[in-house]
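Report on the following structure.
The values are calculated or read from the model by the stated rules, or taken from the named source; none is laboratory data. Just so it is clear, the structure is predicted and the values come from calculations on it, not from any experiment. Heads up, the Cβs are rebuilt from the backbone with ideal geometry, glycines too, and the neighbour counts pull from every protein chain shown. Note: accessible area is taken over every heavy atom of the protein model, side chains too, but ligands, DNA and RNA are not part of it. Shrake-Rupley method; radii C 1.70, N 1.55, O 1.52, S 1.80 Å.
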Amino acid sequence: MNREVGKVKWYGGLNSKTGRPNDYGFISQITNSDDLYFNKRDIKCSENYLKQDANVTSGTLDIF
């Protein structure tokens with residue numbers, strides 16, 4: 001069973017110092033105020049799904 005964890009705060013984009021793409025992001029959790037870090041290797045869905053404010057479940061990412 002997938003449980004809702006939060007919403008994507010941001011994912012990807014370009015590193016302003018190096019100009020290289022970021023392969024990580026952060027999720028705003030529903031249950032507390034701590035943000036969750038996730039890396040590209042944790043993703044179990046299409047990266048296109050991980051837009052800002054997209055709902056995230058435990059089935060979307062492999063970090064739980």
Problem - Most mobile listed residue (Leu14, Leu50, Leu36) in the chain, GNM with C-alpha springs under 10 Å - result: Leu14
Exercise for the section: For the chain, with all protein chains present and a 1.4 Å probe, just round the carbon and sulfur fraction of the accessible area to a whole percent. Expected result: 46 percent
Problem - the chain, relative contact order in percent, only Cα pairs under 8 angstrom and at least six apart counted - result: 40 percent
Exercise for the section: Calculate the translational D of the chain in whole µm² s⁻¹ from Stokes-Einstein, where the hydrodynamic radius comes from the Kirkwood formula applied to all Cα pairs, the temperature is 20 °C and the viscosity 1.002 mPa s. Expected result: 179 µm²/s
Handout entry: Accessible surface, per residue, of the chain when the full set of protein chains is kept, probe 1.4 Å, Å²
Key = 71 Å²
Problem - DSSP loop trypsin sites (Lys or Arg not before Pro) with at most 15 other Cβ within 10 Å: longest gap in the chain - result: 18-43
Handout entry: Formal net charge of residues neighbouring Val5 (Cβ-Cβ distance under 15 Å; K, R +1; D, E -1)
Key = -2
